[in-house]
Amino acid sequence: MNEPAPSIDPLQLARPDILALKPYSHASWNPTLERLHANELPWRVPGDASDAGLNRYPEPQPAALVQRLAALYGVAADQLLVGRGSDEGIDLLTRAFCRAGEDAVLICPPTFGMYAVAARIQGAKVVEVALDAARGFALDAERVNANLAGVKLVYLCTPNNPTGNAMDAAAIERVIRAASGRALVVIDEAYAEFCAAPSWAARIAVDPHVVVLRTLSKAHGLAGARIGSVLAAAPVIALLRRIIPPYALAQPTVEAALAALEPRQLEIMQLRRDDILRERARVAAALPAKACVRRVLPTEANFVLVEFDDAGAALARIAGAGLIVRDFRGLAGVREALRITIGTPTQNDRMLDSLT
Ligand SMILES: *Cc1c(COP(=O)(O)O)cnc(C)c1O
């Protein structure tokens, strides 16, 4: 069942005008020479503690960071684009592959909002194939595959935000097969570190229409730094590198990410992740005992979607304890829903106590 699908050039799916675009030519990167070529000031500003100097334009696609991230995710350096969060990856994929007014993206709601927003900014259509609420928000691969006409990007979010469940690998497999030569399958693994299922990153070498999104914003604790990665076949990455703004990553962000990817920091990240997993189990076990809770959805992420009898009342009680959770009232399939991020043990206790 795993013999490779026929390998089809994913660039055939890209916008012809983007393929033909002459990219902005930024100041060449040659750290062995002193820089009189980019109209920078030659002195650092007072208080600048960065390694490279904030007076200098940063390295586009910083090689050291690309290497580290590629090693972390198990791909080659030319199969990874680093940008300002996965959000930038979503934006670049939409712009590179969807012609305004003609092409579409396919999303499986309820899911992460940026896929549709990026599509609408680009003028692309949005095809919706709902997750199957009756089957725990499972991916409906057959309905996805029946709706691929005009679609250039299929977004699969696993574990899914906001429902928390991971998608069945066999269902994802069926979508990958059906989309070959027709659309890119973009698998958003923002919460992969909290989930036991293996990453789909290994597939990009076999199926060049598979794209994986990863981020340092969640388990790695760097949401404020804005670092996300697109993993894809090298020609797709080369295309995205042509349209990403020339100095997209700020120098302090690059240095923060490099520090966070040191082996010692990665060990600490794993311990923190384990803390979150323990707290997640504790919160998920404690919530059903609350009289106001109707249902706690199974989760493989660092949040839990909870259905209440009256989500508005629960929101107010949680706010009364000084905490804010995400209001998902009106969500198809779980109408009275709140999404609660797993916090510190003390924060989780305050949240649980407020519902007693
Ligand atoms: C948080 C989140 C992201 C955004 O990540 P950034 O890297 O911070 O832009 C992407 N996808 C999903 C599903 C998310 O929940």
Practice problem: Kindly indicate whether ALA52 is free of Cβ contacts under 8 Å to residues at least 40 places away in the same chain and either part of a helix (DSSP H, G or I) or surrounded by 10 or more Cβ atoms within 10 Å (Cβ to Cβ) (or both). | Solution: no
Quiz prompt | Residue selected from region 61-97 under the condition assigned to a loop (DSSP other than H, G, I, E, B) and surrounded by fewer than 17 Cβ atoms within 10 Å (Cβ to Cβ), by the criterion nearest to the ligand (Cβ to nearest atom) | solution = GLY74
Exercise. Take region 240-279 and flag every residue that is of a type in the set (Lys, Arg), without any contact (Cβ under 8 Å) to a residue 24 or more places away in the chain and within 18 Å of ALA301 (Cα to Cα).
Key: ARG278
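Looking only at region 291-336, count every residue that is among the charged types (D, E, K, R), in contact (Cβ under 8 Å) with a residue 60 or more places away in the chain and surrounded by 17 or more Cβ atoms within 10 Å (Cβ to Cβ) and tell me the total.
Of the residues in that region, 1 qualify.
Identify, please: which residue in region 274-304 is within 16 Å of the ligand (Cβ to nearest atom), of a type outside the set (Gly, Ala, Ser) and over 20 Å from ASP349 (Cβ atoms) and is, among those, nearest to the chain's Cα centre (by Cα)?
Here the answer is GLU300.
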Quiz item: Cβ-Cβ below 8 Å, separation at least six or inter-chain, first residue in region 223-234 and touching a residue at least 60 places away in the same chain (Cβ under 8 Å), second among the aromatic types (Phe, Trp, Tyr) and away from the ligand (no atom under 13 Å from the Cβ): which pairs?
Solution: SER229/TYR73; LEU231/TYR73
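Every residue in region 98-120 that is farther than 26 Å from VAL254 by Cβ and either in contact with a Pro (Cβ under 7 Å, 6 or more places away or on another chain) or within 16 Å of the ligand (Cβ to nearest atom) (or both), please.
Matches in region 98-120: VAL105, LEU106, ILE107, CYS108, PRO109, PRO110, THR111, GLY113, TYR115, ALA116, VAL117, ALA119.
Read the figures in this text as sums done on the coordinates, not as results from a lab. From a predicted model like this one, the values you see are computed outputs, not experimental measurements. Virtual Cβ from ideal backbone geometry, glycine too; neighbours counted across all protein chains shown.
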